[in-house]
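Input: a single structure, listed below in structure tokens.
Taken together, the values in this text are just the output of simple stated rules run on the coordinates, not laboratory data. Quick caveat: nothing in here was measured; it's all calculated off a predicted structure. Neighbour counts run over all protein chains shown; Cβ positions are idealised from the backbone, glycine included.
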Amino acid sequence: MIRTRLSNALRALTLVGTGLSLLGAPLAAQEPEPIEAGVAPPFGRYAPGVDVLHYEVEIGLGYGTDWFAGRVDVHVAAEDDGPVLPLDFTGLTLEEVAVDGHPARYDHVAGVLRVPLEAAEEGDRVIVTVVYRGVPDDGLILRPNVHGAPSAFVDNWPNRTRFWLPSVDHPADKATVNYTVHAPAQWKVIANGAQVGAPVSAADGAIGPDGERLTWRWEVGVPISPYNMVIGAADMTVQTVGLAACGQAPASRRDDGCVEVTYWVFPQDVERAEPSFRRAAEMVDYFTDLFGPFPFEKLANVQSATRFGGMENASAIFYSEQAIASGRNIEGTVSHEIVHQWFGDAVTEENWHHLWLSEGFATYFGDQFFEAADGEESFRRLMGESRQGVINSSDVERPIYDPAETSLFALLNANNYPKGGWVLHMLRGIVGDDAFFTGIREYYGRYLHSVADTEDFQAVMEESSGDELDWFFSQWIYRPGFPTFDVQWRWIPGEGSTGTVEVTVRQIQRDSWPTFRVPTEIALEGPGGSSHHEIELLTREEVIRIDGVKARPSRVVLDPDGWVLKGDGGR
Ligand SMILES: [Zn+2]
């Protein structure tokens, strides 16, 4: 996702205040207190003994109502005899819990609905049904949109799915999902996956608030993480950008094998949105060439109530409604979120603490689209902005992989975004384009529709490059900071006009940060052109002698092509 700008954050806070007043409604009175969102769970297997395979979700929405109704069949595989299914579920009223159609015993404490599957043996499949309703405290945002019209949008990251959908709310338990949504007739409903048929009149007695409603169906045929599971419903206008990834989209249900790229925005914002989404299909094609086949059924870009600038929900990216309504061009966000379809959504970090595998990738490759489309200067500028984002942040006093951080929201930091992006850039500089992109494609193919952690990624890059990369990941992922160099040089005249350039490179970053091992180059620039010399920095002070230099250089530049993340140093 793209982190929210401060102005949006403040606006969101105001709206939270408005939402709280709704708790006075009669329905809410009987609802359990919601848990606090964004608290990191203990490491290790999240829900031992069970594996969710599929969610069959039914949601009933009303026009401008503050409540909704839900029903879900959770299809579970037992991995032990008699396991307990721990469904995350908070702040709503439970109406019914059943196991294979029979009323079930359960307890519901501190946001976890525990359903014993006593009769299940290892390998059995069980369907657990939960029926519920209420005023959601989070996760499903029911409120007027930026233009004052009623709307309903899901916003889950990091673990807020549980506020509207009983689920094993952890990125590692991926499942397929089908949605049946009863929504006011004047709304359109978007969700992950492929739409199944046209909407039909909702049946009498369909769950949720009364009113003239239509029933929409969407199906996701590949497993996705619960934080990616979304629906959105409002009066929206759908615009088609084009077709992409033709023949390179195994999940597509279209006869032509393409992915349809669309945007769904409020009617008032159609024209304002166009520049942001104009190149979205081109982006999908570009990244398909770079990474491998597009992983999902389609790609919708949706103006929504997400608290983030953009949220990469699989095949249904949600963007800040304020950002789009402002008329600002958010192409940079669009490119970033589209990269997430591959990295984050299709290959997902095993737990939140490996977030750089999602956000670092989206930051770096998102910028690469603009190199390909708009030229290298765009890319250099974006990498420069990323670098500033790192060196001006106090986040870098912690390592990228920071298991001590217990707030999942705090992981949306300069380490996982720009520094993670720079780690990829440096890795590419060290192993070279061939090994780097071969490794990226292999990593994508190997962990497609599954999860991976940093060690998995390192192992693939070691295979593709043939290099041992412990030193690289150790200093950049598991330790804090970045190097800052002080470079001094002098000219030592030799025989005739030739001489020696002696360069002293000192690493002057704080002592508590690592001494970085940095393979790089020194450029000697002079009237006759420039020459590049490969070096490797290993200690806090290195003296490098370059002999046989034809003329005194006018300038000596460390890392002339900008492959190394570094602080603003002396000379
Ligand atoms: Zn992102």
In the range 292-361, which trypsin sites (Lys or Arg not before Pro) fall in coil by DSSP and have 16 or fewer other Cβ atoms within 10 Å? R328
Length gain on complete extension for the stretch F409 to S326, per 0.36 nm per residue less the alpha carbon to alpha carbon distance? 27.3 nm
In whole Å, what is the distance between the alpha-carbon centres of the range 519-556 and the range 340-359? 39 Å
Listed by chain and number, the lysines with an alpha carbon less than 20 angstrom from that of K298, same-chain partners under 8 positions apart left out, are K174, K188
Would you calculate, for the chain, the mean residue ellipticity at 222 nm contributed by helices, counting each DSSP H stretch of 4 or more residues as -39,500 (n - 2.57) and dividing by all residues, to the nearest 500? -7500 deg cm²/dmol
Excluding residues fewer than 8 positions from K419 in its own chain, the lysines with Cα under 22 Å of it are K566
If you find the alpha carbon centre of the range 150-181 and of the range 214-253, how far apart are they in angstrom? 15 Å
Taking the convex hull of the Cα atoms, report for the chain its projected area averaged over all directions, in nm². 27.9 nm²
Which loop-located GluC sites (Glu not before Pro) does the range 83-153 contain, where loop means any DSSP state but H, G, I, E or B and the Cβ has at most 15 other Cβ atoms within 10 Å? E118, E121, E122
For each of W489, W352, W216, count neighbouring Cβ atoms within 10 Å of the residue's Cβ, then give the residues from fewest to most. W489, W352, W216
By average C-beta atoms within 10 angstrom, highest first, the peptides 563-569, 69-75, 85-91, 238-244: 85-91, 69-75, 563-569, 238-244
Over the Cα atoms of the range 341-486, what is the Rg over Rh ratio if Rh follows Kirkwood? 0.94
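Would you please report the Å³ per residue occupied by the convex hull of the alpha carbon atoms in the range 485-558?
Taking only Cα atoms, the range 485-558 has a hull volume of 71 Å³ per residue.
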If the chain between D470 and D561 were fully stretched, how many nm would it gain, using 0.36 nm times the residue separation less the Cα-Cα distance? 30.3 nm
Can you tell me which of 379-390, 144-155 comes out highest on packing, and rank the rest after it, using the mean Cβ neighbours within 10 Å? 144-155, 379-390
